[in-house]
Amino acid sequence: MATEATSGKGLALLQAEMARQGADAAASLSSNGTMAAELAASIGRTGRLVLIGMGASHYANRMVETSWRRLGVDCRAETAGDVLLQELPLLPQTIVLISQSGESGEILQLLDLLPRGADLFGMTLAPQSTLGRSLRCLVGIGGQEVAFAATRSLTVTLALHATVLAAAGGEIGSFAAALAASPQFALDEAVEALARKNSVIIAGRGELRGLAEANGLMLMELARIPAFGFEFGQFRHGPLEALAPDLGVLLLRGAGALGAGTATLAKAALGAGTVPVIFDCSGEAPIEGGVTVAFPRSEGLSAVAVMLPALQKLIIAVSGRKVAGVGEPVRSSKITGIDHEA
């Protein structure tokens, strides 16, 4: 069934979304100042932040969780499904519901359950959606995403998060500059290293943990193979047993503490007979034996912004070697509605 990527409808939609994601994210970063200030003031008042989403929205929340904790905010990224079952503690806290479509089934259920008040906000790309009409929302520029896998929506959602972090006094570094840049990176060797694998593990630390999880999801959606995103330590605690020549390994190496442990995992992969692909923005020398894609030295959310477009291209290229009709789902839909069996 393996085939080279073709210009089918699903792939064309993905490419169209990606072509404008940088501009839409940059515009979103600069057009939500008033609402970002309101949300930042709420977070400063409560000291607790709960970010609630599903799918790629949840993984975007996981990326910024680390950044908020660096600011001293007690931040938790929760799936809406878990919150529906477990409820939230009755504490002063700021709650943000995130859904690019504004119509995710679990988010709609939560809208009926959570008390409306000064510390309940939303983020969406669809201001006319149920979420957009129901809450005070930061709104991403460019409208709702139409391609199946999250590309532009993930990038724009991260820009909305960065806007709030900046309003709260956080350091978002070269995030905006990274969004505006469109450098080309040689990915052929990385594609070859992963395209023949039956499954893939992607791993990172800090903000790059959520990036690993988001791209594991994207690879499962598009290539229809098992793919898992792990934090570096979680990869070492048990999943190393899965290492084998037919398992692909993609490591996201950040600068400083975000890169600690990359060499250990790369060595373990090589010892098991699989060559790791290393997306590297550490600014350090490449790890011997791996396939390295080098990026400018970056930290925090800037590292996410630098790596994300190249990761998207890598995953689409790998998927094109695995399936026909990349981006054309066979069992899923773009917007997941309410599970009436729950």
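As a summary of the residue check, Ala324 satisfies the conditions (1) under 30 Å from Leu179 (Cα atoms); (2) of a type in the set (Gly, Ala, Ser); (3) at pLDDT below 95; (4) in a loop (DSSP other than H, G, I, E, B) except for the one numbered (1).
Among residues of the stretch 130-155 that are under 25 Å from Asp112 (Cβ atoms), those with a beta-carbon under 9 Å from a residue that is in a strand (DSSP E or B) and among the hydroxyl-bearing types (Ser, Thr, Tyr) at least six positions away or on a different chain give the pairs Leu131/Thr124; Gly132/Thr124; Leu135/Thr124; Cys137/Thr124; Leu138/Thr124; Val139/Thr124; Gly140/Thr124; Gln144/Thr124. Just one of the listed residues (Pro226, Pro245) is out of contact with any helix residue (DSSP H, G or I) (no Cβ under 9 Å at 6 or more places or on another chain), modelled with pLDDT of 95 or more and open to solvent by 30 Å² or more (accessible area, probe 1.4 Å), and it is Pro245. Number of residues in the stretch 82-100 that are touching a helix residue (DSSP H, G or I) at 6+ places or on another chain (Cβ under 8 Å) and more than 19 Å from Arg116 (Cα to Cα): the value is 1. Consider the stretch 37-57 and keep the residues that are touching a helix residue (DSSP H, G or I) at 6+ places or on another chain (Cβ under 6 Å) and more than 17 Å from Gln100 (Cα to Cα). The one that is surrounded by the fewest Cβ atoms within 10 Å (Cβ to Cβ) is Ala37. In this structure, is Gly170 open to solvent by less than 30 Å² (accessible area, probe 1.4 Å) and on the phi > 0 side of the Ramachandran plot? Against the criterion (open to solvent by less than 30 Å² (accessible area, probe 1.4 Å) and on the phi > 0 side of the Ramachandran plot), Gly170 does not qualify. Restricting attention to the stretch 295-321, the residues that are open to solvent by 40 Å² or more (accessible area, probe 1.4 Å) and either in a helix (DSSP H, G or I) or in contact (Cβ under 8 Å) with a residue 24 or more places away in the chain (or both) add up to 5.
Selection of the stretch 265-279 for residues being out of contact with any Pro (no Cβ under 6 Å at 6 or more places or on another chain) and open to solvent by less than 10 Å² (accessible area, probe 1.4 Å) yields Leu265, Pro276, Val277, Ile278, Phe279.
Scanning the stretch 106-165 for residues that are of a type in the set (Val, Ile, Thr) and either surrounded by fewer than 21 Cβ atoms within 10 Å (Cβ to Cβ) or closer than 27 Å to Ala176 by Cα (or both) yields Thr124, Thr130, Val139, Ile141, Val146, Thr151, Thr155, Val156, Thr157, Thr163, Val164.
The values are calculated or read from the model by the stated rules, or taken from the named source; none is laboratory data. Predicted, not measured: the structure shown is a model, and the values here were computed from it. Cβ: placed from backbone, ideal geometry, glycine included. Neighbour counts: every protein chain shown. Note: accessible area is taken over every heavy atom of the protein model, side chains too, but ligands, DNA and RNA are not part of it. Shrake-Rupley method; radii C 1.70, N 1.55, O 1.52, S 1.80 Å.
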